[in-house]
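This structure is in structure tokens; I'll ask about it shortly.
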Amino acid sequence: TGNFIPSINYPDSAGHPVLAGCIKVSPLGNKFAAAFTSYNFIELGDFDTQTGMVSNVKKIIAAPPPADTLYNPSFVRRFGYGPDGVEFSPSGQRLYVSSNYEVKTSIYMTGYLYQFDATLPTEAAIQSSQYFIDSIYNFRAGAIQLANNGKMYINFEGYLSEIANPENTGISCNYTPLLLPLGGAQSFSRPLPIFLQSYLR
């Protein structure tokens with residue numbers, strides 16, 4: 001249940017498999033979410049801890065309105081468009097997604113952060129629950145990780161943004177952008193340490 005790289009072979013426009021983005025199983029072990037960089041969607045579904053099988057898979061869009069962004073599928077592997085990080089709140093009820101897009105007013109990427117209600121029964125209902133938390137111009141958004149203090153952190157290229165109350169809906173999740181500098185440490189892949197969130201319940 002860490003920041004693993006999906007091996008699902010969705011080809012890009014040049015026929016290459018997309019091997020980027022995080023995949024997580026919820027702390028309760030009953031749901032999974034996978035982000036597919038190079039695509040405009042994540043997959044959210046049920047997870048069986050006994051068999052390792054997934055079911056009831058739903059495709060959820062985690063992107064700003066198309067009118068605001070430049071999305072060129074032939075460039076996605078080069079620029080890393082699309083969702084990157086996913087993380088569940090400790091109860092598994094809230095799902096957080098980071099994604100990256102180039103806005104039409106600039107050549108630079110913008111990192112986005114969204115919240116969804118993962119408990120809703122249909123794809124349409126989950127999509128409608130989308131709450132836009134933040135966008136940071138010229139900062140790519142990466143992995144999201146629940147920490148042992150009950151808070152959640154998002155890697156924004158050299159800084160950690162914080163969600164102090166990940167169980168709360170919308171603005172009450174108490175989000176602070178670019179709170180903790182990483183002391184010059186920066187990585188294009190924007191990872192965070194991998195560990196089992198279920199240990200923090």
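A short reminder: the numbers here are calculations on the coordinates, not readings from a lab. Keep in mind that this is a model prediction, so the values were computed, not measured. As a convention, Cβ positions derive from the backbone with ideal geometry for all residues, glycine included, and neighbour counts pool all protein chains shown.
Using 19 Å as the cut-off for backbone N distance, which residues of segment 119-138 belong to the label zone defined by a point 7 Å from the Cα of Thr169 along Cα→Cβ?
Within reach of a label on Thr169, which here means backbone N under 19 Å from a point 7 Å along Cα→Cβ, segment 119-138 contributes 119-134.
For segment 81-163, restrict the atom set to alpha-carbon positions and state the Rg and Dmax in Å.
Just the Cα atoms of segment 81-163 yield Rg and Dmax of 13.2, 39 Å.
Right, something else. Please list, in chain and number order, the residues 5+ apart from Lys31 or on another chain whose amide H is under 5 Å from its amide H, with Hs placed from the backbone.
Ser26, Phe47
Enumerate the calculated ³J(HN,Hα) couplings along segment 111-120 in order (Karplus 6.51 cos²θ - 1.76 cosθ + 1.60, θ = phi - 60°), each rounded to whole Hz, writing x wherever the residue is Gly or Pro.
Using θ = phi - 60°, the values come out as x, 10, 9, 10, 10, 10, 8, 7, 8, 6 Hz.
Give me the one-decimal nm value for the distance between modelled label points at Leu178 and Tyr137, 7 Å along each residue's Cα-to-Cβ direction.
In this crude spin-label approximation the distance works out to 1.1 nm.
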